[in-house]
1. Quick one: if the Förster radius is 60 Å, what FRET efficiency do residue 355 and residue 186 give, using the C-beta to C-beta distance and rounding to 0.05?
2. Rounded, prolate or oblate: which fits region 241-361 when a ≥ b ≥ c are the square roots of the eigenvalues of the alpha-carbon gyration tensor, with rounded for a/c under 1.5 and prolate only if a/b beats b/c?
3. Between residue 333 and residue 575, what is the label-to-label distance in nm when each label sits 7 Å out along the Cα-to-Cβ direction?
4. Full extension from residue 658 to residue 142: what is 0.36 nm times the residue separation minus their Cα-Cα distance, to one decimal in nm?
5. Take residue 470, project a point 7 Å from its Cα along the Cβ direction, then tell me which residues of region 527-562 have their backbone nitrogen under 13 Å from it.
6. Dipole of the chain (Lys/Arg Cβ +1, Asp/Glu Cβ -1, origin at the Cα centre): which of 51, 110, 41 lies farthest to the positive side?
7. Give the calculated FRET efficiency between residue 709 and residue 624 to the nearest 0.05, with a Förster radius of 35 Å applied to their Cβ-Cβ distance.
8. Test of understanding: ordering 78, 288 by Cβ neighbours within 10 Å, fewest first, what list do you get?
Amino acid sequence: TSTVLDDLFGEAQAERETIVSVLVPVAVPTAYTYKVPAGAHVQPGTIVQVPLGSRQVLGCVWDGAPDAAINPKKLKSISRVYDKARPLLPDLRRFVEWVANWTLAAPGMVLRMVLRSEEALEDEPPLAAVRRIEGAAPDRMTPARAKVLDTLSDGMAWTRSGLAGAAGVSASVIDGLLAQGVLEPVLLPGTPPTPKPDPDFAHVDLTPAQAEVAASLRAAFERGNAVSLIDGVTGSGKTEVYFEAIAEALKRGRQALVLLPEIALTEQFLRRFEKRFGTFPAEWHSEITPKKRARTWRGVASGDVRVVIGARSALFLPFEDLGLIIVDEEHDAAFKQDDRVPYSARDMAVVRGHLSRFPVVLASATPSVESRVNAEQGRYARYVLPERASGAELPEIRAIDMRQEGPERGRWLAPELLKAIAQTFAEGSQSLLFLNRRGYAPLTLCRTCGHRFQCPHCSAWLVEHRFQGRLVCHHCGHFEKMPETCPTCSSTQSLVACGPGVERVAEEVQDLFPQARTLILSSDLPGGAERMKREMKLVEDGEADIVIGTQLVAKGHNFPKMKLVGVVDADLGLAHGDPRAAEKTFQLLAQVTGRAGRVTGGGRGFLQTYSPEHPVLKALLDQDRDAFYRMEIEARQAAGLPPFGRMAALILSGPDKAAAEGFARALVRAAPADRSVTVLGPAEAALAMVRGRHRYRLLLIAPRQFDLQGYLRHWLANGPRPTGALRLQVDIDPQHF
Ligand code: ADP
Ligand code: ZN
Ligand code: ZN
């Protein structure tokens, strides 16, 4: 709708029109250039909406000069400026670029991890609340109504659910009072401010060893970008110690972020945090509602939220003044994102701290080999807590040699372990049986014809889940009803389960200990995160006697009544060809046996194994962590493997096997010659087919100082491009060698 004035001044207006760079959340190498509409004010960091092809997408006004060479007539205009949202700060923009550079991902794809909540960019919707109408009284007073009116006596407005909670009545009581005209609905502007964690809320008497580490962490704030590794045995009180670092950040008026590897851990963490700081931190992970997500995003940007606890994606929140990151269980593979932008949240946390000059704390009872080496080489400060805070001794660990003392046929638990479970149960303590295998049995086959059930989309066996009556693929989620007859030879009752999963071990336990309360903790049970939280709490409160769990239970939980831990198959992880197998197995088994006797002492761990002489198991049996790290670090150094060498993986995938392999071969032929780099492959990936896509893998190994990203950039820019359905993914520092 143009007016006469627009027509008159149109020329002049066009001349004054400015153009800016806008980074859009798509996989393109650079920012695009857009016109700024008249009257709009933008600056680098401003969040905007722009047309992109036929779509409207979010974007962020970016640093760097726009492309002035483009014909202005061809440029499109920014369609909307989110002026209520805080602009992304320079620190965060630099971090986005750093991550993109490191991972070789498009910067827009990294920006996409920042712009995770579109709702957060809008004005906060008003909050529906109620207030007492002065002088109005209900026709009939009941105890519940009296409680509500009492709560409202100071004249404040409350949300309906907040009021019901505070008064201890059901919401229908409030609705009744509203209907009678005793209360009136009001709208409050946005959310009430978040209660602030109080660094002095509760005092904990740290042990002398803990106090010393806490003091060092506090001192790290003076050094700016220090990285500290708290290397403390399970139960040594690492959480208690890094709480002191959080308190210090709060006292300095800075925000803090705690990264945890597993959502199931947040529940216990929230309660501990509340006890120490008087209120809950904000949560950030995939299970929170969009509304809460938006509130946290806004609160983090405005500074209203002081502490966030979250999964790896929280690293990309737009903090107003982040001053500390804690990475708890820093060794955990869950900190590595494998798809879209493959990045390590632990490593990128260190980068974010470095760019913004604040301290980063890594904590683990079983640090990654990378972090141990970084500490040994002086890049990180390492603080050791060799003893449990409670004074309880570490669990005694024994191997059960399955070749000699194994279970009877068709059973999975050896007599010695069963005896220990019986003792533990009799004395009212808890046992944990650990098996990193979900479902009932890892393989189902036909006894008559040998048919095995394979996923139609992946190169993987289907796993029987007996409670669900299904065969399930653990890689793509495909499932089918458990058949009664063999699909190949039609035999009935010929299908047999091979090997144990947690469900099968639970069956054995229920059979042998019918009086005990057994519980399976596995990430794939129906009910999702909510159920998991509830069941974790049951175990914590001693409401289960024998717990059968997958790796979920190995992660940092504090189960005060847990006395016995039995590892059903200690050899499971060691069978892998992956050079990281030793490290992963050591960490997993040390963590899971570390659940025993944390508070009371007297913990026992049993490892069922066919190779008790294996060095990883020996280090565990001897309680000699340092022996394991020495051995592993030497082996890595000798082989030039990370962290002494650098690695990258290229995954080439497509629905057509020959095309995927052909592309992988063509790419290898185009690899620039460089004596520093070894290119291995193409080889079929460990999982050769996933979701109907065939996968080939190239592995690059280079010395630590080598610019692997530069090499890859050059190669990929000049080599063949994936076309059609082919995909190429770069994974810098892959978890699997
Ligand atoms: P970690 O994270 O090292 O495994 P936690 O921080 O979970 O250890 O502590 C283990 C247990 O010991 C928890 O129940 C914790 O409350 C308790 N604890 C830790 N430090 C102290 C302390 N100084 N005084 C009393 N209890 C402590
Ligand atoms: Zn058959
Ligand atoms: Zn599958």
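Every number here is computed from the coordinates shown, using simple stated rules; none is lab data. Predicted, not measured: the structure shown is a model, and the values here were computed from it. Every residue, glycine among them, receives a Cβ derived from its backbone with ideal geometry; neighbour counts consider all protein chains shown.
1. So, using R0 = 60 Å, E works out to roughly 0.85.
2. Cα axes put region 241-361 in the rounded bin.
3. About 1.5 nm, to one decimal.
4. Gain on stretching residue 658 to residue 142: 178.0 nm.
5. 527-528
6. Projecting each Cα onto the dipole axis, the largest value belongs to 51.
7. The value I calculate is 0.40.
8. Result, fewest neighbours first: 288, 78.
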